[in-house]
Amino acid sequence: MEVVWSRLARETFAEVLQFIEELFNRKVAQRVANSIIEYTNLLGTFPRIGYVDDLLSTEETEVRLMNCRKSAIYYTIEDQTVIIVAIFDTRRNPAVIKEIIHSFLEENDNGNLEP
């Protein structure tokens, strides 16, 4: 399967790396970046490795979640494509994470995500 990143995923990935760099240093941020990229690439081979997030999933869109160290990778599967929706540091407020993803999915018609 092809793995593509949404606009929100690219933005939140950058935010996670900036947070990690400020909290620790650039070297740690690079290790986190490499791990997240490895995990997202793994989804191309094993797209159902993450579990379904029942709070974000709708009848139109099944949102899945995979944890990578202290990061959460939210994604959907459409036909033969895995779409990375967002990436967050798990130390963030879960309610804020859910609201950001929910808003993004609504803006993109739930089942029509554009990378």
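The values are calculated or read from the model by the stated rules, or taken from the named source; none is laboratory data. Remember, predicted model here, so these are calculated numbers, not experimental data. Every residue, glycine as well, gets a Cβ built from its backbone with ideal geometry; the counts of neighbours run over all protein chains shown.
For this structure, a couple of remarks:
- Here GLU22, GLU11 are screened, and the one residue that is modelled with pLDDT of 95 or more and more than 12 Å from the chain's Cα centre (by Cα) is GLU22.
- Listed conditions (1) within 13 Å of the chain's Cα centre (by Cα); (2) at pLDDT 95 or above; (3) not charged (D, E, K, R) are all met by LEU56, apart from (2).
- Residue satisfying all of: in region 18-53; of a type in the set (Val, Ile, Thr) and surrounded by 11 or more Cβ atoms within 10 Å (Cβ to Cβ); nearest to PRO94 (Cα to Cα) among these: VAL52
- Any pair with Cβ under 9 angstrom, 6 or more apart, that starts in region 92-115 at a residue that is surrounded by fewer than 15 Cβ atoms within 10 Å (Cβ to Cβ) and modelled with pLDDT of 90 or more and ends at one that is part of a helix (DSSP H, G or I) and of a type in the set (Ser, Thr, Tyr): none
- Condition met for ILE77 (under 24 Å from GLN18 (Cβ atoms) and in contact (Cβ under 8 Å) with a residue 60 or more places away in the chain): no
- Subset of region 54-89 (residues that are of a type in the set (A, V, I, L, M, F, W, C) and either over 12 Å from LEU105 (Cβ atoms) or surrounded by fewer than 14 Cβ atoms within 10 Å (Cβ to Cβ) (or both)): LEU55, LEU65, MET66, CYS68, ALA72, ILE73, ILE77, VAL82, ILE84, ILE87, PHE88
Residues checked against (1) in contact (Cβ under 8 Å) with a residue 24 or more places away in the chain; (2) in a helix (DSSP H, G or I); (3) over 16 Å from VAL85 (Cβ atoms):
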| site | (1), (2), (3) |
| --- | --- |
| GLN18 | no, yes, yes |
| GLU22 | no, yes, yes |
| LYS27 | no, yes, yes |
| GLN30 | no, yes, yes |
| ALA33 | no, yes, yes |
| ARG48 | yes, no, no |
| THR58 | yes, no, no |
| ASN67 | no, no, no |
